[in-house]
Amino acid sequence: MAERRHATLALIGLPNAGKSTLLNVLLGQKLAATSQIPQTTRTRVLGVVNRGDVQLAFLDTPGFHLPKHILNERMMSHVEQALEEADLLLWVVDADAFLGAGERALAKRLKKLDRPVYLLLNKIDLVSKSRLLEKIATYKDLLPFKEIVPIGARLGLNLDPLWSLLERDAERNGWLYDPDTFTDQTERSLASEFIREKVLRKTREEVPHGVAVLIERWLEAGQEEYPEDLGPEGVFIAARILVDRDGHRKILLGSQGEMIKDIRQSAQRELRKLLQRPVRLELFVKVDEGWRDRPEKLDRLEL
């Protein structure tokens, strides 16, 4: 019988490269919030996959960027933490984008680390073969990459070769986590992220990064004020959506409350899938200017 081995792998890259989409596909179920809005991921998210004798612990991270608020500084500290923890670094790059200053800065940071780096050229379904070859040629001189793997995370393209390489290079003895461990995220933290994802998806560019979600009540059967008509297996969730400006609040509410109703219904469906039980969700919107620069608020939001 082969000995158990493990590796910790950090998913890193610029905002909107597809790191969270890749994490969800590798795990086989949704764990990280995704949207077309950059900087959707704000914390370090652990997802564990056991494949035969090999355990792979993936760390999804916020997109590499220059901080403008205390929130962004904390996001970048999560990136640094993951870089220190990881045995292997998976640099996810949008194959349909151009090599710019941000990725050159990230390459310099990675070059200082004595860690194997894989270049994962994502979104190959959006580029021609010739464009992909040009992209490989452009990047290959930035770093001495362990491997260069073109993938399509959204469609699950070319992931089998990636799995083989990761299993091959998992060299640490034993397993780091219990076989039943899937993530370090709580149900509450996942719920708040899934609600925020719906806000970003529904409002797109109209409500930018100045939005956060705070779970204020989480009631289960037997607790005071639990709605009995929800049944004995359900959960009642009340969440407050924080925004920076009154204009954003008006957008979120929408005409006659239609937008917030749409967000609530969409998030409620997602939470039912996540929690595998009946969910009733209530949402409120509050203007809280400058919350991204207040440490005590960020602490309460677990950011």
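Rule-based calculations on the coordinates, nothing more; no lab input. Predicted, not measured: the structure shown is a model, and the values here were computed from it. Cβ: placed from backbone, ideal geometry, glycine included. Neighbour counts: every protein chain shown.
Odds and ends about this structure:
- Nearest 10 degrees, 0 to 90: helix 187-203 Cα axis against the chain principal axis: 90
- Cut-off 18 Å (backbone N to label point 7 Å along Cα→Cβ of R217), residues of the range 176-200: 188, 192
- Contact order, relative form, for the range 25-153: 19 percent (alpha carbon pairs under 8 Å, 6 or more residues apart, mean separation divided by residue count).
- Evaluating 6.51 cos²θ - 1.76 cosθ + 1.60 at θ = phi - 60° for every residue in the range 220-237, the Karplus couplings come out as 10, 3, x, 7, 4, 6, 5, x, 5, 6, 7, x, x, 9, x, 9, 9, 10 Hz, glycine and proline recorded as x.
- Among the listed values (1) 68, 44, 27; (2) 67, 39, 38; (3) 57, 48, 37, the one computed from these coordinates for Cα extents along the principal axes in Å is (3).
- Using alpha-carbon coordinates, inclination of helix 70-85 to the longest axis of the chain, degrees: 40
- Vicinal HN-Hα couplings computed from phi for the range 258-274 (Karplus, 6.51 cos²θ - 1.76 cosθ + 1.60; Hz; Gly/Pro x): 5, 5, 5, 5, 5, 4, 4, 5, 5, 5, 4, 4, 5, 5, 4, 5, 5
- Working from Cα pairs under 8 Å separated by at least six residues, relative contact order for the chain is 18 percent.
- Maximal additional length on extending the R277-K111 stretch stands at 55.1 nm, based on 0.36 nm per residue less the C-alpha distance.
- Cα lying deepest toward the dipole's positive end in the chain, options L219, V149, L159, charges on Cβ: V149
- When the helices of the chain are scored as -39500 (n - 2.57) per DSSP H run of n ≥ 4 and the total is divided over every residue, the value at 222 nm lands at -11000 deg cm²/dmol.
- Listed residues E167, E216, E197, most fluctuating in the chain (Gaussian network, C-alpha, under 10 Å): E216
- The range 78-127 - percent relative contact order, Cα under 8 Å, separation 6 or more: 54
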